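The values are calculated or read from the model by the stated rules, or taken from the named source; none is laboratory data. This one's a predicted model, so the numbers in the text were calculated from it and none came from an experiment. Positions of Cβ are generated from backbone atoms using ideal geometry, with glycine treated the same way; all protein chains shown enter the neighbour counts. Ligands, DNA and RNA are stripped out before the accessible areas are found, and what is left, the full protein with its side chains, is counted by its heavy atoms. Shrake-Rupley method; radii C 1.70, N 1.55, O 1.52, S 1.80 Å.
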Amino acid sequence: MDDEKQPSGNGPLAGFTVGVTAARRADELGALLQRRGAAVLHAPALRIVPLADDSELLAATKQITDQAPDVVVATTAIGFRGWVEAADGWGLGDVLLERLRAVELLARGPKVKGAIRAAGLTEEWSPASESMAEVLDRLLEQGVEGRRIAVQLHGEPLPGFVEALRAGGGEVVGVPVYRWLPPEDLGPVDRLLDAAVSRGVDAVTFTSAPAAASLLARAEERGMLPELLVALGHDVLPACVGPVTAVPLQAHGVDTVQPERFRLGPLVQLLCQELPARARVLPVAGHRLEIRGHAALVDGELRPVPPAGMSLLRALSRRPGWVVARAELLRALPGTGRDEHAVETAMARLRTSLGAPKLIQTVVKRGYRLALDPATDAKYTDG
């Protein structure tokens with residue numbers, strides 16, 4: 001699958017490029033973004049490795065079938081299904097289900113609740129927030145002293161969860177159903193990192209904490225973590241499906257946006273609000289010019305602009321109404337050379353792309369300026 005997908009038609013995300021780090025449900029998230037006009041850069045930051053033949057999972061399953069725990073916490077649908085399938089493969093499926101019928105079965109959210117019921121079981125409780133913190137609060141309020149609690153792990157340790165149960169006197173059996181590993185092909189991840197630090201993407205979406213941690217780790221390996229953190233702190237919007245996903249980014253001081261409901265649909269809707277709100281809008285030569293990631297909207301009409309043209313447009317928009325010298329515009333062009341003729345060529349293409357040549361004025365022997373409308377000119381040019 002090609003890692004870059006183009007948008008279809010116009011929409012609230014038209015002109016923006018969004019990076020997708022998800023491994024699971026990446027196509028679904030990508031399709032939701034494209035339907036709203038975004039260009040999508042797909043770069044799975046991890047892969048899921050099932051542990052059907054893993055000795056740790058087999059040992060944990062035998063522990064549970066030999067001696068039923070008091071409580072079982074199921075955290076993910078894919079993990080719960082994988083556990084039951086693996087137990088079937090070892091000939092332990094029926095006895096595992098029998099044990100699970102007799103325990104207090106807690107489901108972190110509706111998806112895992114569905115997987116539990118599909119296995120012919122019924123959960124005793126599920127938090128409205130889908131938060132493991134709420135599951136932990138319930139267990140600690142009930143008291144865990146002397147109780148045996150099996151926890152189906154996400155694929156990475158649940159920070160603080162197991163420790164808190166043990167500190168409360170509980171015995172914890174971890175059930176590691178699958179693991180997150182770096183992707184076999186790092187090419188798409190590296191392209192996303194390059195795009196983020198060069199501001200070639202407007203947002204990066206994260207749907208799991210391991211994906212966020214993996215992207216940060218790869219940036220560190222390549223010696224570009226400081227640049228990435230600056231980009232995520234200023235020009236590139238980090239959007240997380242929920243607070244757990246945001247933890248690795250917050251640990252590096254990166255503020256993220258999150259929807260109120262931890263789902264892909266609300267995540268996309270949040271981007272539909274946030275990205276247009278961050279776009280620069282200027283009244284220029286009697287037109288409304290909105291500058292987006294890889295395109296401009298002129299009076300609401302999407303006008304795709306080549307990368308060189310976008311670099312010039314952004315440089316001009318930083319000081320609208322002011323003359324920007326050719327030498328400065330040359331430095332703004334990707335792959336800067338020394339020939340100022342490159343500026344003239346890129347500027348001609350930019351004007352053609354915008355479809356309104358008078359938006360940008362040539363100031364002879366000095367450079368170029370955005371033709372800011374006189375009524376607003378003072379606002380942008382007086383200091």
- request: Output yes when any residue across segment 123-132 is of a type in the set (D, E, K, R), part of a loop (DSSP other than H, G, I, E, B), open to solvent by 70 Å² or more (accessible area, probe 1.4 Å) and free of Cβ contacts under 8 Å to residues at least 24 places away in the same chain, and no when none is.
  value: yes
task: Give the residues of segment 293-317 that are farther than 20 Å from residue 231 by Cβ, open to solvent by less than 20 Å² (accessible area, probe 1.4 Å), within 26 Å of the chain's Cα centre (by Cα) and without any contact (Cβ under 8 Å) to a residue 60 or more places away in the chain, sorted by residue number.
output: 305
task: Mind listing whichever residues of segment 23-66 are open to solvent by less than 60 Å² (accessible area, probe 1.4 Å), within 21 Å of residue 82 (Cα to Cα) and of a type in the set (S, T, N, Q)?
output: 61, 65
message: Of everything in segment 274-292, what is open to solvent by 40 Å² or more (accessible area, probe 1.4 Å), over 16 Å from residue 309 (Cβ atoms), touching a residue at least 12 places away in the same chain (Cβ under 8 Å) and under 29 Å from the mean Cα position of the chain (by Cα)? Give them in sequence order.
response: 274, 278
message: Suppose we filter 190, 202, 235, 194 for residues that are buried (at least 19 other Cβ atoms within 10 Å of the Cβ), closer than 30 Å to residue 332 by Cα and among the charged types (D, E, K, R); which single one remains?
response: 202
message: Just the residues that are open to solvent by less than 40 Å² (accessible area, probe 1.4 Å), within 19 Å of residue 244 (Cα to Cα) and not hydrophobic (A, V, I, L, M, F, W, C), please, taken from segment 86-122.
response: 109
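Can you tell me which of 296, 308, 239 is modelled with pLDDT under 95, in contact with a strand residue (DSSP E or B) (Cβ under 7 Å, 6 or more places away or on another chain) and either in a helix (DSSP H, G or I) or small (Gly, Ala, Ser) (or both)?
On inspection, the qualifying residue turns out to be 296.
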message: Given the criteria of a type outside the set (D, E, K, R) and at negative phi, does residue 321 qualify?
response: no
- prompt: Can you find a residue in segment 126-138 that is touching a strand residue (DSSP E or B) at 6+ places or on another chain (Cβ under 6 Å) and within 22 Å of residue 87 (Cα to Cα)?
  reply: no
Only one of 223, 265, 169, 174 that is open to solvent by 50 Å² or more (accessible area, probe 1.4 Å) and either within 28 Å of residue 133 (Cβ to Cβ) or not in a strand (DSSP E or B) (or both): 223
